[in-house]
Amino acid sequence: MLASYASAALICAASLLVGRALLSLAGQPRWTWLEPAIGFAALIAAAGLPARGPGHATTSALVLVLLIVAAAVVVTIFPPRAPDARRGAGEGERDVLLWGLLVAIAAGVILSIPFAISGRWGLLGVGLNNDLGLHLAWAEWLRSGFGPAPETGYPLGPHALADTAAAVPGVGLGQAFVGEIIAIGILTALTALAALPGLGPARRILGAVLVAVSYLAASYYVQGAFKETAEALFVLAVALALRNPMPIPRGTVARIGYALPWLAIAGGVFFAYSFAGLAWPIAVVALWSLTVPAVRRALAPRSLIRFLLRPLTLVCLVVVAGVAVLTVVGPFGFGTGFNRVAGSNTYGPVSPVEALGVWWAADYRLDAPGAAALPWLAAAIGGAAVAAGAIWWVRRRDLAVPIAFAACAVLYFASLPFTGDYSRAKALMIAAPLAMLVAVRPLLAEFTRRAAWTALAIAFVGGAAYSSFIVLRDGPVGPPGHGTELQSFLPFLHGKPVLYAGQDRYAAYELLGADTHVPLVEFPDPTISPNPEKPFDTGDAYSPIDFDSFTRGTLDRFPYVITGRAAWNSQAPPSFRRIAATPSFILWERVGEAPKSRRVLLEGTNAGGVAGCDAPEIRILLSSHGRAAIFPPTVFGAKTNWSAGDVLRTGESTAQTLGLPAGRWRLSLQYFSPFGLTLAAPGFHHSLEPALDGQRPNTISLANDGQFWPAGEIDSDGGRVRFTVAAADPSTLQRLSGYDGSAHVGNLVAVRAGGERTVPLSAACDRWIDWYEALEIP
């Protein structure tokens, strides 16, 4: 965990240094609180630009080092002066350092709530939104060339920056990425200080932290997101830069220096969020410019035509058009991929009210009756605070912040006919810090001065703080889980291709150093093809994956395959031999070609299919010549049979009864849990470690129950056996905070100990068939 904080501290320090250097070159000798965002944007741009070129992450790291060294030289030559009180700061140099440290520490403490509640360090968002697993795999590809290649044109600035931080001794890639996500929150809080002068220490720190962890910002943070939070930081910086814009200097060199911070912001937006992210700063600047009399005069028809016909203007328009084309095609073009990504991971509409900062639900994606407590009251409090705040800003002719929020609102409403719920939620998140700033700055300034403002401030700040708290409190932090066992296979796999037969998006991260390929539905790997008789996505759910999930060509393509070790799993083809194992996984080495005639029934989300003889097509199949591999006697305990339901919170339990004939039975269970579970029966007790493993429970949108995991072996005397799954008791901190995390339990399958048998097809009636070979296929 300390490595993540060290990574965050390094990124924040580098951002402040580079931001100060760029503003010095722009003609701003005094310290401002724009440095954090401008410097971070420059780091993202400097890392992202060379990431797809020769050397990938190595080249990016070299460019970043050169940028930081150059920034140090500039700051040494042009040391910053104390802020100018007339520009809204009013601190001396010591005050700047003190404010920065206090706000950074406060933001860091708040952002640490998920780790404190869970009692462990881990990757953020595991089991909630597993995109970070794919980003870690792409970051590994940048630095080693192994694993899945990034989507064509996908912005890789954050990935390359994480790779550079991970080059520091003692900092792993996952720790570096989490540190970068934490750093974005801290830098947002520091940037917000630019709009909070004149407040007392407690109010100023509170305001800065609320802007950084507004409800949607906290929601995206706990799911391990970084593109949207970085974009929100850059848009906030643009708005605050427009509050007191520096005059445009004369002279070409001076104007180039003046443009550097703006170019850094544009580069950061492009290499963190792609070309679509430029819409927000452009909209903010365009709408704000209408408040400038000279701009309004220039927009008069005659003046505008004369301006557009100038040779320099025409050249600039051609250059801008060329850059626009390159954002859609070419090495940085993300047009096609953006459309596909924008439609993924959709869970339904997200209420626009959530952008106002008050929404009492731990999961922002649930906008349905019962999903949020008192939604109309939350809407009333948030709407009143933002409306009153906007009036307060306008009366003081401080228009940049409310105009920036209005620009975000315009983009959101303009996008409604053309985008899906996923993209709309992103747009709301980008606007959320600005909405919080619009509301909280006036409320904190007017607190205790007037009764109405005081009452609204208490309701809004209390509601917003609680909204963000429940998100952070219940934010999932990935436990070590089964995936950590994969690292024991690395001596066999280092530098070699391996197919991971599972849904875990973090498998490539656990196998850093191997060329790991994982079947992902959203980002298909071109080297992996699903078996049409057992696809990864069944239409209702994502199927548990085993050998039968892949085509023969896919299996022949990989020298190694990793499968789960649960008893309820398909048998390995004879072309693979077992070379290593852990309690949860088996590593197989290919020693020949996959059999051409091996087929499976339509298994859906099971390891086999029941050859129900009442079905005409099954009767035809079983009457043909051939053979089938059948599972030993199998007893299936359905997810729907758990007595207290399939969702458990800390301290709860659920049970179901299976009829087990006498003998030894191997148990397999589907489960997702951020805390430990136990599976127990008379004379039997088996501990199940906390495990989310990057699987997609899809408890919101799909019926997937995840992979099957080994759950122990039980000796039955014959008869009905009652199995109980119990969740661990909450920790003291979980109990005091009202922690509401939950475990999801799926199907329980008991398979009689002993291997599969191969029998004639005619003998497979009403049996669980793993695979079969037949001369005639119905």
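Structure above, values below:
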item: Ordering of 146-156, 13-23 by packing [mean C-beta count within 10 Å, highest first]; result: 13-23, 146-156
item: Nearest-10 value in Å² for the accessible area of C12, using the 1.4 Å probe; result: 20 Å²
item: Mean shadow area of the range 581-708 over all directions, Cα convex hull, nm²; result: 11.9 nm²
item: Where Cα atoms sit under 26 Å apart: lysine pairs in the chain separated by 8 or more or lying on different chains; result: 4
item: Unit charges on C-beta of K, R, D, E only; dipole of the range 379-485, Debye; result: 540 debye
item: For N747, residues with placed amide H under 5 Å, excluding near neighbours; result: K639, Q670
item: From phi via Karplus (6.51, -1.76, 1.60), per-residue ³J(HN,Hα) for the range 257-263 in Hz, x at Gly/Pro; result: x, 4, 7, 4, x, 5, 5
item: Phi to ³J(HN,Hα) by Karplus 6.51 cos²θ - 1.76 cosθ + 1.60 over the range 441-446, Hz, x for Gly, Pro; result: 4, x, 5, 5, 5, 9
item: Among 579-590, 495-506, the order from most to least packed when residues are scored by Cβ within 10 Å on average; result: 495-506, 579-590
item: Kirkwood-type radius of the range 358-461, with distances r between different C-alpha atoms, in Å; result: 14.8 Å
item: Rg to Rh, two decimals, where the range 442-552 supplies the alpha carbon set and Rh follows Kirkwood; result: 1.34
item: The chain, relative contact order [Cα under 8 Å, separation at least 6], %; result: 13 percent
item: Normalised alpha carbon radius of gyration of the range 478-521 [divisor 2.2 N^0.38 Å]; result: 1.06
item: √(5λ) per eigenvalue of the Cα gyration tensor, the chain, largest first, Å; result: 53, 29, 23
item: Accessible area of the range 1-159 divided out per residue, in Å², using a probe of 1.4 angstrom; result: 38 Å²
item: DSSP beta bridge pairing in the chain, given as percent antiparallel to the nearest 5; result: 90 percent
item: Rg(Cα) / (2.2 N^0.38 Å) computed for the range 121-217, rounded to two decimals; result: 1.32
item: Carbon/sulfur fraction of accessible area - the chain, other protein chains in place, 1.4 Å, %; result: 64 percent
item: With DNA, RNA and ligands ignored, accessible area of T605 (1.4 Å probe; Å², nearest 10); result: 50 Å²
item: Solvent-accessible area per residue, Å², over the range 523-674 with all protein chains present [probe radius 1.4 Å]; result: 40 Å²
item: Considering only the range 452-561, percent of DSSP beta bridges that pair antiparallel, nearest 5; result: 35 percent
item: Ranked packing of 259-265, 749-755, 227-233, 634-640, most packed first, by mean Cβ within 10 Å; result: 227-233, 259-265, 749-755, 634-640
item: Karplus-derived 3J(HN,Hα), 6.51/-1.76/1.60, for each residue of the range 583-590, Hz, glycine and proline x; result: x, 10, 9, 10, 9, 10, 10, 7
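The values are calculated or read from the model by the stated rules, or taken from the named source; none is laboratory data. What you see is a predicted model, and the numbers here were worked out from it, not measured in a lab. Neighbour counts are summed over all protein chains in view; Cβ atoms, including those assigned to glycine, are modelled from backbone coordinates with ideal geometry. Note: accessible area is taken over every heavy atom of the protein model, side chains too, but ligands, DNA and RNA are not part of it. Shrake-Rupley method; radii C 1.70, N 1.55, O 1.52, S 1.80 Å.
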